[in-house]
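Report on the following structure.
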Amino acid sequence: MIGAILGDIIGSPYEFDMGNKSKDFPLFSEESTFTDDSVMTLAVGKAFLEAKPDDTDEVILKSLAEQMRSFGRMFPDAGYGGRFRLWLKTPWLKAYNSYGNGSAMRVSSAAWLYNDIDSVRHAARLSALVTHNHPEGIKGAEATASAIFLARSGKSKAEIKDYIQKEFGYNLNRTCDEIRPDYHHIETCMETVPEAITAFLEGESFEDVIRTAVSLGGDCDTLTAIAGSIAEGFYGVPDELKSECYNRLPEPLLKVLKEFEERLKR
């Protein structure tokens, strides 16, 4: 999960096509900060951490909505989209058929807390359904979680690519050099998740995946959060980058991240 948060923090200064589409940039600056991507990643993580083995889908969906709204109240200015902000503030609102890329950026905990691909995909589906219940929103969450799970399970990049293309139909045959020139800020799963996975496939280390994702531009914090979440499963995260992440999170968010990391050590 820390890979997604680092991707968000590192990508945040370059959101809205503010970068120069280069891999040569400072990883951290005064503008490098967490956004709604990290807040909702940790909210979903908190819900899954608290889930019990015999919880029904309805119980988990309720917990996901409650945690997301609770974290949204704690961090109301983290950069939420308009419809999602309204959902956060309105407890009786249901899912609104979104296919925005938010379902993919917040899903990473599902790939670590569940231990087979079917369970991971089911949890990812639930994490999307609370708001992003459009088929493309669900697909983006499932594809991202699947890639993370396969990466942390020791699968090769070729195996990950093959699974994602066969199961989800994303085109992963373009290179980043082909994507980069015309890619722009767009917030849909269909035009963010494949690009993020491609950045992971081309990257040669955790940091290189992050730099490659940022170089594409677009909705940079979210795209890089997705790419970073997969890269963490494949490469791990260097200790110095973990320390930067810890130092840039406020206590309520850091507490959940630490709780998550402790769970994985058991």
TODO: For the stretch 151-161, indicate whether the set of residues that are outside any loop (DSSP other than H, G, I, E, B), surrounded by 14 or more Cβ atoms within 10 Å (Cβ to Cβ) and of a type in the set (S, T, Y) is non-empty.
DONE: no
Considering the stretch 52-70, residues that are surrounded by 14 or more Cβ atoms within 10 Å (Cβ to Cβ) and touching a residue at least 60 places away in the same chain (Cβ under 8 Å), and then whichever is nearest to N115 (Cα to Cα), we arrive at I60
Scanning the stretch 192-228 for residues that are under 15 Å from the mean Cα position of the chain (by Cα) and without any contact (Cβ under 8 Å) to a residue 40 or more places away in the chain, the one farthest from I179 (Cα to Cα) turns out to be V209
Practice problem: Answer yes or no: is there a residue in the stretch 107-128 that is over 21 Å from D57 (Cβ atoms) and open to solvent by less than 40 Å² (accessible area, probe 1.4 Å). | Solution: no
Scanning the stretch 107-138 for residues that are in contact (Cβ under 8 Å) with a residue 40 or more places away in the chain, part of a helix (DSSP H, G or I) and within 14 Å of M1 (Cα to Cα), the one farthest from the chain's Cα centre (by Cα) turns out to be L113
Among (1) more than 17 Å from A227 (Cβ to Cβ); (2) modelled with pLDDT of 95 or more; (3) assigned to a loop (DSSP other than H, G, I, E, B), E31 falls short only on (2)
Could you please let me know if A65 is in a helix (DSSP H, G or I) and either within 18 Å of the chain's Cα centre (by Cα) or under 26 Å from V237 (Cβ atoms) (or both)? yes
Per the list (1) open to solvent by 10 Å² or more (accessible area, probe 1.4 Å); (2) closer than 25 Å to W112 by Cβ; (3) in contact with a Leu (Cβ under 8 Å, 6 or more places away or on another chain), residue check on R180 breaks on (2)
Expected single match for closer than 19 Å to G218 by Cβ and without any contact (Cβ under 8 Å) to a residue 60 or more places away in the chain among S98, S12, S29 is S98
Quiz item: What do you reckon, is E187 on the phi < 0 side of the Ramachandran plot, in contact (Cβ under 8 Å) with a residue 24 or more places away in the chain, acidic (D, E) and touching a Phe, Trp or Tyr at 6+ places or on another chain (Cβ under 8 Å)?
Solution: no
The correct count of residues that are within 20 Å of L88 (Cβ to Cβ) and either touching a helix residue (DSSP H, G or I) at 6+ places or on another chain (Cβ under 6 Å) or at pLDDT below 95 (or both) in the stretch 41-60 is 9
Inside the stretch 139-166, the number of residues satisfying the requirement of being within 19 Å of the chain's Cα centre (by Cα), more than 22 Å from G45 (Cβ to Cβ) and among the charged types (D, E, K, R) is 2
Filter the stretch 85-106 for residues that are open to solvent by 20 Å² or more (accessible area, probe 1.4 Å) and part of a helix (DSSP H, G or I); the one that is nearest to G233 (Cα to Cα) is R85
Apart from one, (1) more than 13 Å from the chain's Cα centre (by Cα); (2) outside any loop (DSSP other than H, G, I, E, B); (3) at pLDDT 95 or above all hold for P13; the odd one out is (3)
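The values are calculated or read from the model by the stated rules, or taken from the named source; none is laboratory data. Remember, it's a predicted structure, so these values are computed and weren't measured experimentally. In this analysis, Cβ positions are derived from the backbone assuming ideal geometry, glycine residues included, and neighbour counts consider all displayed protein chains. We work out accessible area using only protein heavy atoms, side chains counted, and drop any ligands, DNA or RNA first. Shrake-Rupley method; radii C 1.70, N 1.55, O 1.52, S 1.80 Å.
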